[in-house]
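Before any comments, here is the structure.
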């Protein structure tokens, strides 16, 4: 299995719809949404998604089993394919809410959340976590955490192969400064052969994905999936075994015309969709013109902007 990581402000519903023009099988995630935001906010606005986005996991943030249950009951009619609990985000704001990576220090609390979530749905409940947090960072610490949440009903563990340093580093630095410890994730899989284990962290291309899949069950790619979305163009064929044609970049861009006009009629500025598409021609001639035309000061137009941007890209880059 291959998935694209939940990323705040990036894995929006527009990005997810765009990625479905490139890959049908890759598991997609929402941005992390706090249970409190769903329970006390505009749940339909937060939870709605296009039917084409399946398979789609809803990632929740929270530490209150009852509140997580209430949020899931509001989410159930929308038809998500999976619910994922965030135990990996190290940001100070998330820490103040007592969820994210700080919960690795409280495995029994996480287990209580997972148990309550599991009892609310027939969909899989999974956990995304770090290999540890500073001061609770040994392999044995992680193993105890995983054993506890799996016993509570977690169906898969997605392991970011870095510890989180909760004081002194911001969220961005926590994605790069703590060293990667892939061997700990591989060991976890060897010792728990029946538990689906997914690896995350520092993975940038499909060659790396294939190497990891020799050792674990699934691989999650984060920011490279946003910066270079077309790297997923062959995933369905090469990793999922689907006998389907690989879309060209031109076909991907043209398939977004109708969607841009549709969301514009809903009152959504086209630039929100275009932001998700900026990396389509990454590394190719014409990429700069494409990004400039989609990210500049845009008139009140819809798909016409995409037409002009695509025309600025050389034909050889559209293949």
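The values are calculated or read from the model by the stated rules, or taken from the named source; none is laboratory data. Note that this is a predicted model, so its numbers are computed, not measured. In this analysis, Cβ positions are derived from the backbone assuming ideal geometry, glycine residues included, and neighbour counts consider all displayed protein chains.
Matching residues to (1) surrounded by fewer than 15 Cβ atoms within 10 Å (Cβ to Cβ); (2) farther than 22 Å from residue 205 by Cα:
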| site | (1), (2) |
| --- | --- |
| 226 | no, no |
| 237 | no, no |
| 242 | yes, no |
| 245 | yes, no |
| 253 | no, no |
| 259 | no, yes |
| 265 | yes, yes |
| 270 | no, yes |
| 276 | no, no |
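Comparison of 127, 102, 114 shows that the only residue that is in a strand (DSSP E or B) and either in contact with a helix residue (DSSP H, G or I) (Cβ under 6 Å, 6 or more places away or on another chain) or closer than 26 Å to residue 203 by Cβ (or both) is 127. When the stretch 199-217 is limited to residues that are touching a residue at least 60 places away in the same chain (Cβ under 8 Å) and buried (at least 19 other Cβ atoms within 10 Å of the Cβ), the one that is farthest from residue 11 (Cα to Cα) turns out to be 209.
Take residue 32 and decide whether it is closer than 26 Å to residue 162 by Cα and crowded, with 21+ Cβ neighbours inside 10 Å. Here the answer is yes, as residue 32 does meet what is asked.
Could you please let me know if residue 316 is more than 26 Å from the chain's Cα centre (by Cα), surrounded by fewer than 18 Cβ atoms within 10 Å (Cβ to Cβ) and over 18 Å from residue 14 (Cβ atoms)? When the stated conditions are applied, residue 316 passes them.
Considering (1) surrounded by 21 or more Cβ atoms within 10 Å (Cβ to Cβ); (2) over 14 Å from the mean Cα position of the chain (by Cα); (3) in a helix (DSSP H, G or I), the lone condition that residue 66 does not fulfil carries the number (1).
Of the candidates 41, 88, the single residue that is over 21 Å from the mean Cα position of the chain (by Cα), in the same structural domain as residue 26 (by TED's automatic domain parsing) and either under 18 Å from residue 12 (Cα atoms) or buried (at least 17 other Cβ atoms within 10 Å of the Cβ) (or both) is 41.
For the stretch 205-233, residues that are over 20 Å from residue 31 (Cα atoms) and assigned to a loop (DSSP other than H, G, I, E, B) total 6.
Only one entry of 158, 120 meets the criterion of being under 19 Å from residue 65 (Cα atoms) and either part of a loop (DSSP other than H, G, I, E, B) or in contact (Cβ under 8 Å) with a residue 40 or more places away in the chain (or both), and that entry is 120. Return yes or no: is residue 243 in contact with a helix residue (DSSP H, G or I) (Cβ under 8 Å, 6 or more places away or on another chain) and assigned by TED's automatic domain parsing to the domain that holds residue 125? No; evaluated as a whole, the condition is false for this residue.
Can you find a residue that is over 26 Å from residue 112 (Cα atoms), surrounded by fewer than 15 Cβ atoms within 10 Å (Cβ to Cβ) and touching a residue at least 60 places away in the same chain (Cβ under 8 Å) anywhere in the stretch 162-172? The answer is yes, given that some residue of the stretch 162-172 is over 26 Å from residue 112 (Cα atoms), surrounded by fewer than 15 Cβ atoms within 10 Å (Cβ to Cβ) and touching a residue at least 60 places away in the same chain (Cβ under 8 Å).
Quick check on the stretch 174-196. Is at least one of its residues surrounded by 15 or more Cβ atoms within 10 Å (Cβ to Cβ), closer than 16 Å to residue 100 by Cβ, in contact with a helix residue (DSSP H, G or I) (Cβ under 9 Å, 6 or more places away or on another chain) and in contact (Cβ under 8 Å) with a residue 24 or more places away in the chain? Even if it seems obvious, please write down each step before you answer.
Quick first cut of the stretch 174-196, residues surrounded by 15 or more Cβ atoms within 10 Å (Cβ to Cβ) only: 174-175, 178, 180-182, 184-189, 192, 195-196.
Applying the additional criterion that residues be closer than 16 Å to residue 100 by Cβ yields 174-175, 178.
Of the ones still in play, those that are also in contact with a helix residue (DSSP H, G or I) (Cβ under 9 Å, 6 or more places away or on another chain) are 174-175.
Remaining after also requiring in contact (Cβ under 8 Å) with a residue 24 or more places away in the chain: 174-175.
Yes, that holds for at least one residue.
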